[in-house]
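Engineer: One structure is given below, represented as structure tokens, and several questions about it will come after.
The values are calculated or read from the model by the stated rules, or taken from the named source; none is laboratory data. These numbers come from a predicted model, not from an experiment. Here the Cβ is made from the backbone with ideal geometry for all residues, glycine too, and neighbour counts use every protein chain on show. Remember, those area values only see protein heavy atoms, side chains included, never the ligands or the DNA or RNA. Shrake-Rupley method; radii C 1.70, N 1.55, O 1.52, S 1.80 Å.
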Amino acid sequence: MFRLQGSKVLAVDMTGDAVKAKNGSMVAYDGQMAFKKLSGGGEGIRGMVTRRITGEQMTVMEVQGHGTCWFADRASEINLVNLQGDKLYVESSNLLATDAGLRTGTSFTGLRGATQGNGLFTTTVEGHGQAAIMSDGPAVVLHVSRQYPLTVDPGAYIAHQGNLSQSFQSGVTFRTFMGEGGGEAFQIRFEGDGLVYVQPSERNTIAGDV
């Protein structure tokens, strides 16, 4: 269903099925399509309550029909993730599209969300199917093993999947090591077995001011 045309455009071929995508991200389509605006950041009553409390907002549209739709957003690089019953944790601003068979929701992330100014929750995608996530520059996929935990700058973090636990280190920054101030106030430490997606550019966060 999902395929890339270049690195910055997602093509989705549909034969009567549906895809959920970031509102306003469709750049072209052919065939016969129907469009519906949805609320994102979680499904059902629990998702609605979570969005209201946390401010984890996503504006999502559902596209259904026969033909091909093309999606892009601000010339961001697009990365395809195949889920086989597992769960992907992704920043809502980095989620471009999911096929209709995947469930979206929200998950408490604690301090990390607060340092980024994105609320205390992050978006989850779960089930069997494909998701497209965006990055500022080509994303790097880093493997975390029990022998080799990983520490990530919160401004570069995009998503993670697998059997991972996360903790937060305060008062230590990559820039502090280099004798520079004004860096991120926290780092994210991942332990376990899984994958972490990072981008080669930092999003604007408020962590450096905390």
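Engineer: Within segment 21-34, which residues are part of a strand (DSSP E or B) and either closer than 7 Å to residue 61 by Cα or small (Gly, Ala, Ser) (or both)?
Structural biologist: We begin by selecting, within segment 21-34, every residue part of a strand (DSSP E or B); these are 21-22, 26-34.
Matches in segment 21-34: 21, 22, 28, 31, 34.
Engineer: Kindly list the number of the only condition in (1) open to solvent by less than 60 Å² (accessible area, probe 1.4 Å); (2) over 24 Å from residue 128 (Cβ atoms); (3) modelled with pLDDT of 90 or more that fails for residue 89.
Structural biologist: Result: residue 89 passes all but (2).
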